[in-house]
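This report concerns only the one structure given below.
The values are calculated or read from the model by the stated rules, or taken from the named source; none is laboratory data. Since we're looking at a predicted model, the values are computed, not measured. Don't worry about glycine lacking a Cβ; one is built from the backbone with ideal geometry, like all the others, and counts go over all protein chains shown. In case anyone asks, the SASA skips ligands and DNA or RNA and just uses the protein heavy atoms, side chains included. Shrake-Rupley method; radii C 1.70, N 1.55, O 1.52, S 1.80 Å.
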Amino acid sequence: MSAGAGRPGPSDRGARLLAAAGRIRAHLGAWPPGALTSSDPGTGERWDPGQLLAHVAEMLPYWTREAELVAATGDGVAFGRVASDADRVAAIERDRREDPLLLLGRMDEGLAGVLAFVGGLDQEALGRVGTHPTLGPMTVAAIVDRFVVDHLEEHADQIEAVAPPAG
């Protein structure tokens, strides 16, 4: 990790995002028919592949926009949502039956957007603070790490658990 204090630096974030997206892409085709993800500890949600891809496709641009807001504004600006957010739930339901290749393309677009955003941040912008509705004050770096990098890795882990690599 290049950013010291145990936090990933921009190049680490980018590598982790690309690796997670690659894992999603690599394992998606092995998803057994009818299988669901294990229950999410926080929400209890169990998803089919369409729901998971629909969420990944919408969450990357969503959290990038929220981090951009905080980076541009700071001063504790309100940002974010919770898992029960009506727009989040509606987007997943609306898009879950889309062609998986279309959703993977949207994931790639979201990934390109977040990589461009993170690549343009300086230490001052990374340190700006916004206020999440349940987690409270968070820096831009913490927003990107938790809601983009860690989040995408969690979904890659979910897919790998349902569709492990061929042995």
Note to self: With the requirement that a residue be outside any loop (DSSP other than H, G, I, E, B), closer than 15 Å to A91 by Cβ and open to solvent by 20 Å² or more (accessible area, probe 1.4 Å), what does the stretch 18-55 give you?
What the structure shows: Q51
Check: Which of the residues spanning the stretch 75-86 are aliphatic (A, V, I, L, M) and either in a loop (DSSP other than H, G, I, E, B) or open to solvent by 60 Å² or more (accessible area, probe 1.4 Å) (or both)?
Finding: A78, V82, A83, A86
Notebook entry, point to check: Does A156 meet the test of being more than 13 Å from A67 (Cβ to Cβ) and buried (at least 18 other Cβ atoms within 10 Å of the Cβ)?
Noted result: yes
Next item on the list: Check off (1) open to solvent by less than 60 Å² (accessible area, probe 1.4 Å); (2) of a type outside the set (D, E); (3) at pLDDT below 95; (4) touching a Leu at 6+ places or on another chain (Cβ under 9 Å) for P100 and give me the number that stays unchecked.
Entry: (1)
Margin query: Give me the residue from the stretch 56-74 that is assigned to a helix (DSSP H, G or I) and touching a strand residue (DSSP E or B) at 6+ places or on another chain (Cβ under 8 Å) and, out of that set, least open to solvent (accessible area, probe 1.4 Å).
Written below: V70
Check: So which pairs qualify, if the first residue must be in the stretch 39-53 and touching a residue at least 12 places away in the same chain (Cβ under 8 Å), the second must be part of a loop (DSSP other than H, G, I, E, B) and among the small types (G, A, S), the Cβ gap must be under 6 Å, and the two must be at least 6 apart or on different chains?
Finding: T43/A83
Item checked: Single match in R146, R97, R88 (criterion: touching an Asp or Glu at 6+ places or on another chain (Cβ under 9 Å) and not acidic (D, E)) -> R88
